[in-house]
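Colleague: Would you mind keeping the following structure in view while I ask a few things?
The values are calculated or read from the model by the stated rules, or taken from the named source; none is laboratory data. Values in this document were obtained by computation on a predicted structure and should not be read as measured data. Positions of Cβ are backbone-derived with ideal geometry, glycine not excepted, and every protein chain shown enters the neighbour counts. These area figures cover heavy atoms from the full protein model, side chains too; ligands, DNA and RNA do not enter into them. Shrake-Rupley method; radii C 1.70, N 1.55, O 1.52, S 1.80 Å.
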Amino acid sequence: QAKIHFKGLNPDNEYLTIKGEGATPDDTVLDASSLSFATHNGAIIHIKSDYVKVSNLSITNSDGYGIMVEGRDDKKINHIEVDNVHTRLTEKSGIYFNRTRNVKVTNNKVMSACGYSEDNSNFPQECITLSDTANFEVSNNKVSEGVDGTNGGEGITVKGNSYNGNVFNNEVYDL
């Protein structure tokens with residue numbers, strides 16, 4: 001059990017791929033039961049580099065985000081794909097993008113995101129969040145098993161200066 005953190009430059013613009021082994025995402029499970037993050041502001045997979053693909057794995061029991069992709073005002077993160085990933089039981093968003101460009105969030109299942117926190121420092125966001133993101137696709141995702149809605153947990157949210165994107169063929173239910 002380990003946190004995966006990517007930061008740096010990819011000068012050749014070649015994709016770094018994080019792909020689970022096996023036929024389904026449930027064959028490769030990243031279980032974060034023994035990890036905790038300061039003020040819940042971490043992630044099992046935290047991407048701060050361009051050209052990364054994450055696929056065919058499951059993330060569960062995160063004290064923070066499942067997958068977090070976050071740029072800065074002066075450096076947007078570009079060309080990120082999250083495909084066929086299952087997240088379950090995350091205190092914050094299952095999948096979270098902020099200050100990004102050219103991203104795809106496709107064929108994922110986000111379940112029981114934005115869970116209860118034992119302290120008041122958790123501001124959970126939404127189950128799938130895109131903020132300050134341009135040139136994006138969010139498609140064929142399933143979001144379900146909401147906690148109760150009092151702690152955030154809206155299904156799919158595109159906000160904060162996001163533009164030039166397509167959101168289609170997603171299912172959001174039981175939130």
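Colleague: What order do 171, 81 take when sorted by accessible area (1.4 Å probe), most exposed first? If you can, show how the numbers build up before the last one.
Modeller: Details: 171 90, 81 50 Å².
Largest accessible area first, the residues go 171, 81.
Colleague: What translational diffusion coefficient, in µm²/s and rounded to a whole number, does the Stokes-Einstein relation yield for region 42-123 at 20 °C and a viscosity of 1.002 mPa s, taking the hydrodynamic radius as the Kirkwood radius over Cα pairs? Can you show the working numbers first?
Modeller: On the way: Rh = 12.8 Å.
The diffusion coefficient I find is 168 µm²/s.
Colleague: FRET efficiency for residue 72 and residue 166, Cβ-Cβ distance as r, R0 = 25 Å, nearest 0.05?
Modeller: Values: r = 25 Å, r/R0 = 1.02.
Step by step, r from the Cβ atoms, then E = 0.50.
Colleague: Would you please give the residues with an amide H less than 5 Å from that of residue 109, counting only those at least 5 places away or on a separate chain, with H modeled from the backbone geometry?
Modeller: 85, 86, 87, 142
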